[in-house]
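Here the structure comes first, spelled out in structure tokens, and everything after it is commentary.
None of the figures in this text is laboratory data; all of them are computed from the coordinates on show. Keep in mind that this is a model prediction, so the values were computed, not measured. All Cβ positions, even for glycine, are placed from backbone atoms using ideal geometry, and neighbour counts span all protein chains on display.
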Amino acid sequence: MPELKVEHLEVRYGDLVGVADISLQVEAGQVVALLGSNGAGKTTTLSAIAGLIAPSRGRVEWRGETISGQPAYAIVSKGLALSPEGWRLFVGQSVEQNLRLGATALADRSRLPALFDRVYALFPRLAERRRQSAGTLSGGERQMLALGRALMSEPRLLMLDEPSLGLAPAVVETLYDTLVELHRLGLTLLLAEQSIPLALAIADYAYVLQTGRIALDGPAAELERNEQVREIYLGVRANAAGHQTQGR
Amino acid sequence: MVLVQVVVGGLLLGAVYALFSSGLTLIWGMMNFINFAHGEFVMLGMYVALLVVVWLGGGPAAFGLAAAIALFALGVAVYALLIRHVARGPMLAQILSSFGLALLLRYTAFWIFSANFVTLPQTSLAGTIAIGGIYLPVAQVVAGLVAVTLTIALHLLLTRSALGSRLLAVAEDRTAAMLMGIRPDRMQALTWGLSAGAAGVAGALLATAYPWSPSVGETFGLLAFVTVALGGFGSVLGSLYAGLIIGLIEAVSAYWLGAIYKDIVVYGLFVALLWLRPQGLMGKA
């Protein structure tokens, strides 16, 4: 049984259709990539799964339970965390406060010290700056904090929305190394990315979104060789090639 | 010596201004909501104190606590029944709803308590105390010290506690806060409870020293706005400094120029300050 199952998801913003028909699933221990250009519906899909927007049709099932329609604060406590696009850190608060906020949904408070230790071991830079305001961090450090904050709720599945956006290529490389490491330690990942080579390099399975629908899906290794993927991108977004050059 | 007495008395009263103003600044800082009914919360705190003394024979600790609890509950109820529904609507809806609430509370108080001025029966805080050669009413000293303590406690709650961090998180980014597992509605209800509770305690403290009628809310409401604007919108610490400054200026100008001129001095200086530093003392530009 898949951990996460999305069936015929439709999300509307008033008259506007955010996504029209999305079905996907994520198995335990997988890395699944959601690919697509700007506006294809990646963020909307993740927001609907996380409970930030209620779908107008379709359903989201998490470990056998229907969670669509439940509010975000209830969903994160079930072990399904989203690190949103643009990181959305609490820039007025310190690094440590941001991490502690990430653990709000944690039921077992005695785990808190161990979780802090784990995040600081993963990102020693954050430990050095834990008293510093999140607003003073560099782009790479902000990405570390966003990831660390999401890990503080001890999620079974971590959803990342465009984690590489706005980062220098070297920083992106470090980030992806960390994601591989987290996956190796047993974390399931659902990753939205614009950059195809980046995402396909670490994904087991991928879905390509185009104007709110799944245009193509398959094992990452197959999609890497598929010419159609490139066409879907280039058809919608002429400068997609620029993103591909920064790949690994 | 008289001047020292005036200065200390002004600071003690200013501390109470700071306490109720910190409630107003909290609502602004957390929700960008201007609460025109804040002065009415202070007024209701005064009547709660009166009822506890008259009906139950309670002492200062009892009526102070009762005012805090009653107004905390009222604040939560106001949020749940009214504010929650208009807070994310247009600015005009916010202004009219809280202004309407102010009128509702004020005229309900007129209806129940009449327009007559009342005073609190003598409490255990009656009498004066001599400190280093100056004489101050015990009630005023206690009120000032309690008010400073509570205002600082509120500041520490916001800046040092995990709960305060969650409150600020909702204020900073509601969506991100929800993704952390925080329930914004609960945090905002708590904000209203704390805000009204602070006003309620301040009202109970003021009731020990001054006669009042239901229209007193107007005076304190205006004073709270001036304090918050002076201290910087959203800053509890700013409210503390501003409250103390306003209490001091009021007392000194009443002493030098006469009581009827003190408002002219306070509001005149206030306008001058807004002209020079529109963001207030602690506000961000």
Next on the checklist: Can you give me the C-alpha center-to-center distance between segment A:92-147 and segment B:88-136, rounded to a whole angstrom?
Outcome noted: 44
Next on the checklist: Per DSSP helix of 4 or more residues, -39500 (n - 2.57); summed, then divided by the residues of chain A. What does that give at 222 nm, rounded to the nearest 500?
Outcome noted: -10500 deg cm²/dmol
Checklist entry - Which whole-angstrom value gives the distance between the alpha carbon centres of segment B:1-59 and segment A:164-213? => result 55
Checklist entry - If R0 is 35 Å, what FRET efficiency do you get for A:Asp108 and B:Arg277 from their C-beta distance, rounded to 0.05? => result 0.10
Checklist outcome for this item: The distance between the Cα centres of segment B:235-285 and segment A:10-86, in whole Å, is 52
Checklist entry - For chain A, modelled as a Gaussian network with Cα springs under 10 Å, which listed residue fluctuates most, A:Ala206, A:Ala221, A:Ala40? => result A:Ala221
Item to check | Top of B:Gly197, B:Gly89, B:Gly243 by mean-square fluctuation, Gaussian network on chain B, Cα under 10 Å | outcome: B:Gly89
Checklist entry - Taking the highest mean first, how do the peptides B:274-281, A:155-162, A:101-108 order by number of other beta carbon atoms within 10 angstrom per residue? => result A:155-162, A:101-108, B:274-281
Checklist entry - Which FRET efficiency value, to the nearest 0.05, is calculated for A:Ser138 and B:Thr159 with the Förster distance at 35 angstrom and r the Cβ-Cβ distance? => result 0.90
Checklist outcome for this item: Gyration tensor on Cα atoms of segment B:79-169, a ≥ b ≥ c root eigenvalues, a/c under 1.5 rounded, else prolate if a/b beats b/c, else oblate, says oblate
Next on the checklist: When a/c reaches 1.5 or more, the comparison of a/b and b/c decides; with that in mind, is segment A:76-203 rounded, prolate or oblate per its Cα gyration tensor?
Outcome noted: oblate
Item to check | Average beta-carbon neighbours from other chains, 10 Å sphere, peptide A:149-155 | outcome: 1
Item to check | Difference of contour (0.36 nm per residue) and Cα-Cα distance, B:Ala77 to B:Ala130 | outcome: 14.8 nm
Checklist outcome for this item: Final fewest-first order of B:Val228, A:Val11 on the 10 Å Cβ neighbour count is A:Val11, B:Val228
Checklist entry - So for A:Trp62, B:Trp256, B:Trp55, B:Trp192, fewest C-beta neighbours within 10 Å to most, what's the order? => result B:Trp55, B:Trp256, A:Trp62, B:Trp192
Checklist outcome for this item: Exposure proxy check on A:Arg111, A:Arg130: fewest-to-most Cβ neighbours within 10 Å is A:Arg111, A:Arg130
Checklist outcome for this item: Note on the protein assembly as shown: alpha-carbon gyration tensor, axes a ≥ b ≥ c; rule is a/c under 1.5 for rounded, else prolate if a/b larger than b/c, else oblate; result prolate
